[in-house]
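Structure, as structure tokens:
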Amino acid sequence: MHILACVKQTPKSDNVKIDPATGCLIRSGVESAMNPFDEYALEEAVCLKEQLGGFVSVMTMGPAAAENVLRDSIARGADKAYQLGDMAFAGSDTWATSYALSKGAEKINAEMKIDLIICGKQTNDSDTGHIGPQISAWLGWPNAAFVRRIVEAGEKSITVERLTEDGTEVLELPYPCVISVVKEISNPRVRSVKGRMAAKRAEVTKWTADDIGADKNKLGVKNCPTRVVKSFAPKRDGNAVVVQGANGKEKAAKLVELLKENKYI
Amino acid sequence: MDYAINEMEQETLNATRELAQKKLKPLRAEMDAKEQFSKEMYEEFRKSGMFGLWLPEKYGGLGGGITCLAMAFEELSRVCAGLALTPGTSALGAIPMFLAATPQQRERWCYDLASGKKLWAFALTEPEAGSDATALKTTAIKDGDYYVVNGTKHFISTGKEADFYTVIVNTNPSRGPRGISMLVVEKGTEGFTFGKKEEKMGIRTNPTYELIFDNVRVPKENLLGSEGRGLLYVQETLDYSRPGVAAQAVGIAQGALDETIPYLRTRKQFGQPIITFQALAHKVAELAAKTEAGRALVYTLTHKMDQEFLPAVKAAMENNTTVHDELKKIKGGRWTKYSAMAKLFCANTAMEVADECVTLCGGVAYMRDFPLEKYMRDAKITQIYEGTVHIQKNEIIAALIKEYAAKGE
């Protein structure tokens, strides 16, 4: 089984400050590490490899320093690392990022057929949760997001249990497919001695936008369909309204009234 | 001070320190109180490659030798000497096998040993044979392609949890100590059951069991080395494993200091931190110096051992021979004296350090909420298992007498 784990280097702390002028995270001076949700994804990939046999590739898109997260992945049990790095990628939103990652995955797939792509459910620096589902959309592969358990990884398909807002769903996806996982899925290991040594010696394959055959009109800050208008830490204002009523029905009616009044709906 | 000389040893320290802090520390108090084996920690040890540190890469091990094994055992014991025994006792059970095994036996057992899929344990002690191993009564009588084992072992660490037991038996009782042999007995073999689970002073998370053998038929392919040479392999095993216990003792001493010094710096009496009182400060300095002396002895010894052990392992793999035979080719002598010295000194140091640390911190350290009383209980075992401190003295003096006699002095 060939599993591709997508990982990202993000600020180590989840308490990063926002630059009020640009609306962007202040990343300088903050220690970086693997996005915590990606640790769970990678661990699950390595566990699957240990159970079923196979190969774990790992891919990231990011600046030169993001190589560290790939070496860290090798230390945690990944076999081969790919880095997508190009100025053309700079400032990409999730649409452009997932496009680049899908092109990278296509190239890896041409080298060795991929059965499964695993992503963390979201990153701790942008929190969108888009990347996994978007990669699957670009590739045209089936997707399950918020996966908390792999029920069975079979010969031709994988059965997963995913969290929904009001419970769980069990889905069977034929290979190749994409899943993104929540932290309940695994218990990330401490990097082994062998892993640490392998990480230092590993060769990271580095690809530019041209190498992966990406259309530059779909990459970078200029071509993104989304713009960050403003990022801010929400202020506590204590203006909560508690809707009163005799029963649920009455409360619901009042709530709808209130929402209409304030033009939320 | 780190006595790592190569990258592998340095990374062993890095990995085990992280493992101890992240995974052992949150579990140690609970598992000690429950007196239960931790399956969760077993899985963590397995995933972090702790079972294969000293085994060749061919079997999935790291190829690190006795030094890496000792370093890991020190760093894990520094946080919890009980949980550290899961990989520790598996190595103890497997060292005699690894020394005496034929290439075919290594193929059979070493892959699952190195991956941690199977746990090993060492079964020597009997109710009437402890320090005097020659008095053992467990017999293994040949019957066709099998040995029929009868007898009882007790105080066996990681009992019931381990999959394979290296059992010291007598295959020829009429020859007394010269009839002693080693057999590998697999859990689940008919007639092999577990008796009493001991309730212990320390290392409580590690289960200590009685093993009962009632007409257990063990295939003759499970004999290690040749019949009648069991005691020799046991001695050789202890030469390699006692520095491990010494390393564990250093870890316990260091861990006790790690808990004590920060407390003494913050605890104020008579208007000042109590570490500023010279009586206490000098005691701490003395304990730290002894701990470091022990560590220096352990790693000086294991590095020397590895200079023979690693080439012997390599040669055994290349020549399809036993490690024991290759060791004999490299060097005729034994490590008994220095192993005994390391274990004697470090075990006594661990006990002294843990005891004094409890006194230094006072009432709080006597309470179970504070980890020091556990260090004191755990330290004690290092003076007892794999030969008591008194037995170590016997080993040292026997070696010294022999040395001086050889010189004719």
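Considering only beta bridges that DSSP places wholly inside chain A, some 40 percent are antiparallel. Projecting the Cα atoms of B:24, B:59, B:105 onto the charge dipole of segment B:7-118 (Cβ charges, centred on the Cα centre) puts B:105 farthest toward the positive pole. Along its three principal directions, the equivalent ellipsoid of segment B:7-118 from the Cα gyration tensor extends over semi-axes of 24, 16, 11 Å, largest first. Applying 1/(1 + (r/R0)^6) with r as the Cβ-Cβ distance of residue A:200 and residue B:135 and R0 = 56 angstrom yields a FRET efficiency of 0.60.
A straight Cα-to-Cα reach below 13 Å connects residue B:290 with the aspartates and glutamates B:352, B:356, residues fewer than 8 places away in its own chain not being considered.
Which entries in the list B:25/B:343; A:12/A:49; A:80/B:23; B:283/B:374; B:142/B:393; B:25/B:283 go over 29 Å, if you measure between the two C-alpha atoms of each? Where the Cα-Cα span goes over 29 Å, the pairs concerned are B:142/B:393. Sorting B:267, B:106 by the number of Cβ atoms found within 10 Å of their own Cβ, with the fewest placed first, yields B:267, B:106. For residue B:278 and residue B:152, the difference between the fully extended length at 0.36 nm per residue and the C-alpha to C-alpha distance is 40.1 nm. Checked against a 29 Å cut-off, the cross-linked pairs A:17/A:206; B:314/B:402; A:113/A:216; B:200/B:314 give Cα-Cα distances beyond that limit for A:17/A:206; B:314/B:402; B:200/B:314.
Taking Cα centre as origin and charging only the Cβ of basic (Lys, Arg, +1) and acidic (Asp, Glu, -1) residues, the dipole magnitude of the protein assembly as shown rounds to 780 debye.
Think of chain A as a dipole: +1 on every Lys or Arg Cβ, -1 on every Asp or Glu Cβ, centred on the Cα centre; then among A:96, A:5, A:248, A:96 lies furthest on the positive end. For segment B:299-316, backbone phi angles converted through the Karplus equation (6.51, -1.76, 1.60; θ = phi - 60°) give residue-by-residue couplings of 7, 5, 5, 5, 5, 5, 4, 5, 4, 9, 4, 5, x, 5, 5, 4, 5, 4 Hz, Gly and Pro being listed as x. Using only the C-alpha atoms, the convex hull of segment B:255-397 corresponds to 132 Å³ per residue.
Taking the number of Cβ atoms within 10 Å of each Cβ as an exposure proxy, the fewest-first ranking of B:107, B:292 is B:107, B:292. Counting only lysines at least 8 places from residue A:222 when in the same chain, those with an alpha carbon closer than 21 Å to its own are A:103, A:230. The gain in end-to-end length when the residue B:329 to residue B:315 segment is fully stretched comes to 4.0 nm, 0.36 nm per residue minus the alpha carbon separation.
Sites listed here are trypsin sites (Lys or Arg not before Pro) in segment A:230-265 whose DSSP assignment is loop and whose Cβ has at most 16 other Cβ atoms within 10 Å: A:230, A:235, A:236, A:263.
In degrees from 0 to 90, rounded to the nearest 10, what is the angle of the helix A:36-52 Cα long axis to the longest principal axis of chain A? On a 0 to 90 degree scale, this one is about 50.
Here the relative contact order of chain B, from alpha carbon pairs under 8 Å that lie six or more residues apart, stands at 17 percent. How many angstrom lie between the Cα centre of segment A:34-107 and the Cα centre of segment B:270-322? Between the Cα centres of segment A:34-107 and segment B:270-322 lies a distance of 40 Å. Using only Cα atoms, find the angle between the long axis of helix B:336-361 and the longest principal axis of chain B, and express it within 0 to 90 degrees, rounded to the nearest 10. Value to nearest ten degrees: 30. Ordered by the number of other Cβ atoms lying within 10 Å of each residue's own Cβ, fewest first, B:236, B:35 fall into the sequence B:35, B:236.
Evaluating 6.51 cos²θ - 1.76 cosθ + 1.60 at θ = phi - 60° for every residue in segment A:65-74, the Karplus couplings come out as 5, 5, 4, 4, 5, 6, 5, 4, 5, 4 Hz, glycine and proline recorded as x.
Compute the acute angle (0 to 90°) between the alpha-carbon long axis of helix B:389-406 and the principal axis of greatest extent of the alpha-carbon atoms of chain B; round to the nearest 10°. Computed tilt is about 70 degrees. Applied to segment A:155-161, the Karplus parametrisation 6.51 cos²θ - 1.76 cosθ + 1.60 on θ = phi - 60° returns per-residue 3J(HN,Hα) values of 5, 10, 8, 10, 10, 10, 10 Hz, with x for Gly and Pro. Computed log10 I(q)/I(0) for the protein assembly as shown at 0.07 Å⁻¹: -0.59, from the Debye equation with unit scatterers placed on every C-alpha and solvent omitted.
One quarter of the surface of the convex hull around the alpha-carbon atoms of segment B:121-224 equals 6.3 nm², the direction-averaged projected area. Applying a DSSP loop filter and a limit of 11 other Cβ atoms within 10 Å to the GluC sites (Glu not before Pro) in segment A:1-57 leaves A:31.
Read-outs throughout are calculated quantities, based only on the coordinates presented, and are distinct from any laboratory measurement. Computed from a prediction, not measured in an experiment: that's the story for all the values here. With ideal geometry, Cβ positions are generated from the backbone for all residues, glycine too; neighbour counts draw on all protein chains shown.
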